[in-house]
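For reference, the structure is listed below as structure tokens.
The values are calculated or read from the model by the stated rules, or taken from the named source; none is laboratory data. Given the structure is predicted, the values throughout are model-derived calculations rather than measurements. Glycine also receives a Cβ, built like all others from the backbone with ideal geometry; neighbour counts cover every protein chain displayed. When the accessible area is computed, the model is the full protein with side chains, heavy atoms only, and any ligands, DNA or RNA have been set aside. Shrake-Rupley method; radii C 1.70, N 1.55, O 1.52, S 1.80 Å.
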Amino acid sequence: QVQLVESGGGLVQAGGSLRLSCAASENIFNFNAMAWYRQGPGKERELVARINVGGVTTYVDSVKGRFTISRENAVNTVYLQMNRLGPEDTALFFCHANILSSQFWGQGTPVTVSS
């Protein structure tokens, strides 16, 4: 059973930075892609950033230029570096991975940005 464990969330002031980590229980190259989603208060879950097995990254428009997804293969971990955070970024952030149609989710890590 694939396990994804997120960490790094917390409370930060507007303009600050956080780095989220997602540690996978197996080699991340087994996944077609890994991604970060978020769900803010009263909002639907949205895709924030994605990195595929080839290293190609995509971002939702609202985070382009502020967030960076990356991976460290040796420790089977994907990161989300978040800079210039604003209150609109307050959400529960989830790590996601897929192997073809099989999808795996972490338990989520909360990010709260105070104004």
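Numbers at a glance
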quantity: Accessible carbon and sulfur surface of region 33-115 relative to its total accessible area, %, 1.4 Å; calculated: 51 percent
quantity: Modelled FRET efficiency - R0 25 Å, ASN27 with THR112, Cβ distances, 0.05 increments; calculated: 0.15
quantity: Student exercise, the chain dipole from Lys, Arg, Asp, Glu Cβ charges, in Debye to nearest 20; calculated: 180 debye
quantity: Solvent-accessible surface ranking, highest first, for THR112, THR77 at 1.4 angstrom; calculated: THR112, THR77
quantity: Phi-based couplings in Hz for region 77-87 (Karplus 6.51, -1.76, 1.60; Gly and Pro marked x); calculated: 10, 10, 10, 10, 7, 10, 10, 6, 5, x, x
quantity: Anisotropy class of region 62-112 from Cα gyration tensor, a/c 1.5 cut; calculated: prolate
quantity: Spatial separation of Cα centroids for region 55-115 and region 1-25, in angstrom; calculated: 8 Å
quantity: Stretchable slack from ALA74 to VAL53, in nm (0.36 nm times residue separation minus alpha-carbon distance); calculated: 6.1 nm
quantity: For the chain, convex hull of alpha carbons as volume per residue, Å³; calculated: 94 Å³
quantity: Solvent-accessible area per residue, Å², over the chain with all protein chains present [probe radius 1.4 Å]; calculated: 51 Å²
